[in-house]
Amino acid sequence: EVDWFSLASILFLLMFAPLIVYYFIMSCDQYQCSLIDPLIDLLTGKKHLSDIWNKTPTLTYRAAGIYTLWVTFQVFLYVFVPDFCHKFLPGYVGGVQAGAVTPAGVVNKYEINGLQAWIVTHVLWFANAYYFHWFSPTIIFDNWIPLLWCANVLGYAVSTFAMIKSYFFPTNAKDCKFTGNFFYDYMMGIEFNPRIGKWFDFKLFFNGRPGIVAWTLINLSYAAKQQELYGQVTNSMVLVNVLQGIYVLDFFWNEAWYLKTIDICHDHFGWYLGWGDCVWLPYLYTLQGLYLVYHPVQLCTANAIGILVLGLIGYYIFRMTNHQKDLFRRTNGNCKIWGKKPEYIECSYMSADGTKYYSKLMTSGFWGWARHFNYTGDLMGSLAYCLTCGFEHILPYFYIVYMTILLTHRCIRDEHRCFSKYGKDWKRYTAAVPYRLIPGVF
Ligand code: NDP
């Protein structure tokens, strides 16, 4: 059943999320990244909506060509180039890997080759920038709004296709979830793991590529634009490139681990993931770099170091917390966390067919500090990206505000699910680890 609050939120997002993205990007293009000035112009009658709209770059053949080539290339790397990296990179888990068991009891196989796709793409990018000169490294920035229309076309097309597919030719009918509410089903998805053929998995492809591979390229394009406009790249831009680059590389290095996260294990594939990965992620997660093209902030050394340290500590917490849970679950608790045997709570749950299963919830390491300390680390890193932009405008701070809402909501959503799954055992766990994100506070 879909409660009214969920339905209202979904309708709000379906109507306003594309406008929010447009508003942010347009503000940079026409108002030097001020979020307030367009509103003042509109409210005082200095400008009409049509004036702003008429100044907005339209879809171009060039952008359509670039985008088609980009997505086709990523599909090619994903489907036709089996992973080679795991053969020579020690510690890297790639190649064919099994995902988690789905509610219908299916275990999907995935070709984990995201790191390889990222490396190939970036080698080509640098080869072009420094040697071949086929196109300017500012190409992404220069076509940013026309590309936005292309990303929207793909985002809507793939979400609509996924919806139609779930009715007429689902990959696994038993893993479909119909609520009967059209908007909810469109937004949150019906099929669990839609696929085309044996290997093209919608969730893995759209979550990681084209959005996350593009993330670092977008930042590089912004840095190139700064160089072109001002003859130098500021230390704030370098920090954004480095800190977000670490996050992106971490994602691909741990792509096999990613198969066990909520996105892949619990979320169905709808507009939320399809449109979100094509539009929301590449456009709004990269706002700091975009802002720095318009406002080239040069940080004093102390501030730059402070931000770098905050970002690295956040990343360390994020990675170590995720690693501790992964190790704990993989070894069924037979491991060492901070040099000691982990503490945990034994719990049980019942699957839909009535079978009883046993599991463990760790209460030591970072998981003893708070129930989602991985999110806390993520938030510290997100704050560091925003701080690189100084305090002149609020636009670059959108990311930390959004991530706080996203991860707090995710925390509550996950805990609701865990309570339904583990019942009284979950209560014992929350009594042992009483805080969610910040020990002693929340
Ligand atoms: P978690 O990795 O925190 O996984 C939550 C699940 O882990 C629970 O559902 C439960 O699953 C299990 N679990 C909970 N507590 C314990 C415990 N004490 N011991 C063992 N297992 C436990 O959540 P996500 O998948 O959401 O996040 C993964 C990472 O991805 C996070 O670091 C997050 O910050 C990041 N992320 C980033 C986003 C971005 O846009 N940048 C978006 C979303 C996530 P079970 O049913 O198996 O018990």
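The values are calculated or read from the model by the stated rules, or taken from the named source; none is laboratory data. Quick caveat, the model's predicted, so the values are computed rather than measured. Note: ideal-geometry Cβ built from the backbone for every residue, glycine included; neighbour counts use all protein chains shown. Note: areas computed on protein heavy atoms with side chains; ligands, DNA, RNA excluded. Shrake-Rupley method; radii C 1.70, N 1.55, O 1.52, S 1.80 Å.
Applying the Karplus parametrisation 6.51 cos²θ - 1.76 cosθ + 1.60 with θ = phi - 60° to the phi angles of segment 262-268, what ³J(HN,Hα) value in whole Hz is obtained for each residue in order, glycine and proline being reported as x?
My calculation for segment 262-268 gives 4, 3, 8, 7, 10, 7, 8 Hz in order.
Rounded if a/c is under 1.5, else prolate if a/b is larger than b/c, else oblate: which is segment 140-271, with a ≥ b ≥ c the root eigenvalues of its Cα gyration tensor? The partial results should precede the final answer.
Values: a/c = 3.15, a/b = 1.98, b/c = 1.59.
Prolate, because a/c is 1.5 or more and a/b exceeds b/c.
Convert each backbone phi in segment 49-58 into a coupling constant with the Karplus relation 6.51 cos²θ - 1.76 cosθ + 1.60 (shift: θ = phi - 60°), then list the ³J(HN,Hα) values in order as whole Hz, x for Gly and Pro.
3, 5, 5, 5, 4, 5, 8, 7, x, 8
Can you tell me the orientation of helix 4-31 relative to the chain, as the angle in degrees between its alpha-carbon axis and the longest Cα principal axis, to the nearest 10?
Here the helix axis deviates by roughly 30 degrees.
Which FRET efficiency value, to the nearest 0.05, do you get for Leu406 and His133 by plugging their Cβ-Cβ distance into 1/(1 + (r/R0)^6) with R0 = 56 Å?
Working: r = 40 Å, r/R0 = 0.71.
Efficiency at R0 = 56 Å is approximately 0.90.
Quickly rank 210-221, 247-258, 133-144, 352-363 as a protection proxy: mean count of other C-beta atoms within 10 Å, highest first. Please report the intermediate quantities before stating the final value.
Numbers: 210-221: 22.9, 247-258: 20.2, 133-144: 17.9, 352-363: 12.3.
Peptide ranking by packing, descending: 210-221, 247-258, 133-144, 352-363.
For Lys203, go through the aspartates and glutamates and keep the ones whose alpha-carbon is under 20 Å away, minus same-chain ones fewer than eight residues off.
Asp83, Glu111, Asp175, Asp185, Glu191, Asp250, Glu255, Asp263, Asp267, Asp277, Asp414
Quick one: 3J(HN,Hα) in Hz for segment 134-139, Karplus 6.51/-1.76/1.60 with θ = phi - 60°, rounded, Gly and Pro as x.
Values, residue by residue: 5, 9, 6, x, 8, 3 Hz.
Of the peptides 39-45, 67-73, how do they stack up when ordered by the mean number of other Cβ atoms within 10 Å, highest first? Don't skip to the end; give the middle numbers.
Working: 39-45: 11.3, 67-73: 15.7.
Packing proxy ranking, top to bottom: 67-73, 39-45.
Modelled label-to-label distance, Tyr435 and Asp37, 7 Å Cα→beta-carbon offset: nm?
About 4.2 nm, to one decimal.
Can you give the FRET efficiency to the nearest 0.05 for Thr301 and Asp263, using r as the Cβ-Cβ distance and R₀ = 51 Å? Walk me through the intermediate numbers first.
Working: r = 38 Å, r/R0 = 0.75.
That pair, Thr301 with Asp263, gives E of 0.85.
Which of Ala223, Ala431, Ala98 ends up with the largest GNM mean-square fluctuation for the chain, with Cα atoms connected below 10 Å?
Its mean-square fluctuation being the largest, the pick is Ala431.
Would you mind checking Lys198/Lys421; Lys87/Lys109; Lys356/Lys427; Lys336/Lys427 for any pair whose Cα atoms are more than 23 angstrom apart?
Lys198/Lys421; Lys336/Lys427
Carbon and sulfur together cover what percent of the accessible area of the chain at a 1.4 Å probe radius? Don't skip to the end; give the middle numbers.
Details: 14150 of 20990 Å².
Carbon and sulfur atoms account for 67 percent of the accessible area of the chain.
Shape call for segment 1-298 from the C-alpha gyration tensor, a ≥ b ≥ c root eigenvalues: rounded (a/c under 1.5), prolate (a/b greater than b/c) or oblate?
Details: a/c = 2.07, a/b = 1.20, b/c = 1.73.
Oblate, since a/c reaches 1.5 and b/c is not below a/b.
What distance in nm separates the simple spin-label points at Ile394 and Phe419, each placed 7 Å from Cα in the Cβ direction?
Taking the simple label geometry, Ile394 and Phe419 are separated by 3.2 nm.
Which angle from 0 to 90°, rounded to the nearest 10, does the C-alpha axis of helix 144-168 make with the longest principal axis of the chain?
Relative to the chain, helix 144-168 is tipped by roughly 30 degrees.
If amide H atoms are built 1.01 Å from N in the plane of the peptide, which residues on other chains or at least 5 residues away come under 5 Å of the amide H of Val96?
Here Ile112 satisfy the definition.
Roughly speaking, what is the stretch gain from His48 to Leu249, that is 0.36 nm per residue apart minus the C-alpha to C-alpha distance, in nm to one decimal?
On the way: separation 201, 0.36 × 201 = 72.36 nm, distance 4.32 nm.
Stretched fully, the His48-Leu249 segment lengthens by 68.0 nm.
Which of the peptides 122-132, 374-384, 175-185, 106-116 is most tightly packed, and how do the rest follow, judged by the mean count of other Cβ atoms within 10 Å per residue?
Working: 122-132: 12.5, 374-384: 22.5, 175-185: 15.3, 106-116: 20.6.
Going from most to least packed, we get 374-384, 106-116, 175-185, 122-132.
What are the residues whose amide H is under 5 Å from the amide H of Ile394, where those residues sit 5 or more places off or on another chain and H is modelled from the backbone?
Those lying under 5 Å, H to H, from Ile394 are Leu35.
Given a 1.4 angstrom probe, what's the average accessible area per residue across the chain, in square angstrom? Kindly include the intermediate steps, with their values, before the conclusion.
Numbers: 20990 Å² over 442 residues.
Roughly 47 Å² per residue, with all protein chains present.
Specify whether the C-alpha gyration tensor of segment 176-222 places it in the rounded, prolate or oblate class, a ≥ b ≥ c being the square roots of the eigenvalues: rounded for a/c under 1.5, otherwise prolate if a/b is larger than b/c and oblate if not. Intermediate values should be presented prior to the final figure.
Working: a/c = 5.50, a/b = 1.85, b/c = 2.98.
Note, shape of segment 176-222 comes out oblate.
Restricting things to alpha carbons, tell me how big segment 98-139 is in terms of Rg and Dmax, in Å.
Cα only, segment 98-139: 18.0, 51 Å (Rg, Dmax).
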